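Read-outs throughout are calculated quantities, based only on the coordinates presented, and are distinct from any laboratory measurement. Note that the coordinates shown come from a computational prediction; the quantities given were computed from them, not determined experimentally. Please note: Cβ atoms are built from the backbone with ideal geometry, for glycine as well, and neighbour counts cover all protein chains shown.
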Amino acid sequence: MMKKPRLVNFLIIITILILHAVILSGAKERPPSPGNPTSMDKIPQAAGDMIKKLRLEPLPEATGVFFRETYRSKFQADTEKPRSCATMIYDLIQADTIDPWHRISSDEIFIHHSGIPVTLLLLFPNGTWEEIILGDNVLEGETPSCVVPAGTWMSLALKNRSPECWALLSVIVVPGFDYEDFEKGESAKLIKQYPGAASRIRELGFDRVPSDKPDPRSKSKVKK
């Protein structure tokens, strides 16, 4: 378990991160411009403005994703391997983005800031599954944030995949993200392991998620 002084510092850090996310969530979506969002000169104007303002960089191995690590705690978690208490990134995803199936040994906190709602499909270690819509229309069943427990297989994509659509998220990882803890999944195997979710996986197109490319976020650094 984490020592008490470190636990107090850790809780303070998480509170600051969530407040920071809430402040940014005031950003509003502007009317998009048409085009196929696969390069900077063709992505929607609102998404392009976000990318420039937040100094996001493309993920070379993931189509339509721009990101930047914005925080890596200097405090260390009381874990077997050295790990930062928490990390945070911005993730901007577009219409052609489907996040590869993956799981990590830390909790992930997803926060929706602006843009189109995002569909997350979660496959839990106990064999159950859940679909979550991340967005700001709470009265219609969306949620502005959600926690993906450690060890949970997950994939995500925009709810509306029209070319002009996009969404800006923050992802907080506790304890902090490290590529050694990152495991990619294979769609075919997961469909067999979670037969109850098989039809929904196919309906969402998550059965066509690539799984053989490394995640370049493992080499990212915080940029001021």
Under 5 Å, built H, 5+ apart or other chain: amide partners of TRP166: ILE116
Zone residues, segment 141-180, relative to THR128, backbone N less than 17 Å from point 7 Å out along Cα-to-Cβ: 147-154
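Net charge near SER105: determine it from the other residues with C-beta under 13 Å of the C-beta of SER105, scoring Lys and Arg +1 and Asp and Glu -1. Mind dumping the intermediate values first?
Values: positive: LYS81, ARG83, ARG103; negative: GLU80, ASP107, GLU108, ASP178, GLU180, ASP181, GLU183.
Combined, the nearby Lys, Arg, Asp and Glu give -4.
Apply 1/(1 + (r/R0)^6) to the Cβ-Cβ distance of TYR179 and GLU140, taking R0 = 35 Å, and write down the FRET efficiency to the nearest 0.05.
On the way: r = 36 Å, r/R0 = 1.04.
Rounded to the nearest 0.05, the efficiency is 0.45.
How do TYR194, TYR90 rank when sorted from fewest to most other Cβ atoms within 10 Å of their own Cβ?
Working: TYR194 18, TYR90 22.
The most exposed by this proxy come first: TYR194, TYR90.
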Under-5 Å amide H pairs with TRP129, H placed in peptide plane, nonlocal only: PHE124
Computed label-point distance, nm, for sites GLU186 and ASN160 using a 7 Å Cα→Cβ extension: 3.8
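How much length, in nm to one decimal, is gained on full extension between GLU80 and SER199, taken as 0.36 nm per residue of separation minus their Cα-Cα distance?
Values: separation 119, 0.36 × 119 = 42.84 nm, distance 3.85 nm.
Gain on stretching GLU80 to SER199: 39.0 nm.
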